[in-house]
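These notes are about the structure you will find just below.
None of the figures in this text is laboratory data; all of them are computed from the coordinates on show. Given the structure is predicted, the values throughout are model-derived calculations rather than measurements. Note that each Cβ is placed from the backbone with ideal geometry, even for glycine, and that neighbours are counted across all protein chains shown.
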């Protein structure tokens, strides 16, 4: 129900990635695998002097597949909040650090203000934006008729599209959210959530789905 498009401020992104390649930052933070796609598309170089923080194992795996290395991944809470909670200990309490945060245009800023509160010098740049994808009328009709057993909500952006395109989800359809953050965003968008995966990893969502199906 969503896709990703180029940022509206391409010059700012290109300038930031040029500074990144030149070693201007101590750290760069990535909050999604899509951000890794942006790095690859721009053939961005991350020098050995710059460390990489990734939110979630999925982002870390995407980095590895692209030939980059994740130096820090939250061990417990795979969210921007979880990364903030582990940041000081993981970086030895060094302040200030020069940090580049790459984010979605649609995301609510969490990491950047959190790092700034600690005392770091942060440059926040929009790497991409999320856009809605229209669902075909037959699928919309089937959802509204309750013909689907389960609806998986995988992000706040997806939740917004669910609310806009489907309206109220029938009670017979179980709505599962991928992690507490998405569940909160879904409820804010007006989407009922019945079950919440423990974290934001796809494997947790699949495991919860299998439990719902097979018990």
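For the pair residue 131 and residue 198, how long in nm is the line joining their label points, each one 7 Å along Cα→Cβ?
The modelled label-to-label distance comes out at 3.9 nm.
Ranked by Cβ crowding within 10 angstrom, fewest neighbours first, how are 25, 148 ordered?
The order, fewest Cβ neighbours first, is 148, 25.
Would you kindly calculate the mean projected area, averaged across all directions, of the convex hull enclosing the Cα atoms of region 137-214, in square nanometres?
4.7
If you rank 63, 30 by fewest surrounding Cβ atoms within 10 Å, what's the result?
Ordered by Cβ neighbours within 10 Å, fewest first: 63, 30.
What number, rounded to the nearest 500 deg cm²/dmol, is the helix-based mean residue ellipticity at 222 nm of the chain, given -39500 (n - 2.57) per DSSP H run of at least four residues and division by all its residues?
-12500 deg cm²/dmol
For residue 75 and residue 188, calculate 0.36 nm times their separation in residues minus their Cα-Cα distance, and state this gained length in nm to one decimal.
Gain on stretching residue 75 to residue 188: 37.9 nm.
So what is the orientation-averaged projected area of the chain, using the convex hull of its C-alpha atoms, in nm²?
If I average the Cα hull's projected area over directions, I get 12.5 nm².
On full extension of the chain, what length is gained from residue 21 through residue 3, given 0.36 nm per residue of separation minus the C-alpha to C-alpha distance?
3.7 nm
Label-point separation (nm) for residue 108 and residue 88, each offset 7 Å from Cα along Cα-to-Cβ?
According to this spin-label approximation, the distance is 2.4 nm.
Given a Förster radius of 45 Å and the C-beta distance between residue 95 and residue 10 as r, what FRET efficiency does 1/(1 + (r/R0)^6) yield to the nearest 0.05?
About 0.90, to the nearest 0.05.
May I ask for the equivalent-ellipsoid semi-axes of region 40-79, computed as the square root of five times each C-alpha gyration tensor eigenvalue and listed largest first in whole Å?
Calculated on Cα positions only, the semi-axes equal 19, 12, 7 Å.
So what's the gap between the Cα centers of region 40-100 and region 116-141, to the nearest angstrom?
Between the Cα centres of region 40-100 and region 116-141 lies a distance of 19 Å.
Given a cut-off of under 8 Å on Cα pairs at least six residues apart, what relative contact order in percent is computed for region 1-104?
The value is 31 percent.
So if I average 1/r over every pair of distinct C-alpha atoms in region 41-120 and take the inverse, what Kirkwood radius in Å does that give?
13.5
Compute the length gained on full extension between residue 141 and residue 61: take 0.36 nm times their separation in residues and subtract their Cα-Cα distance, giving the result in nm to one decimal.
Between residue 141 and residue 61, full extension yields 25.1 nm more.
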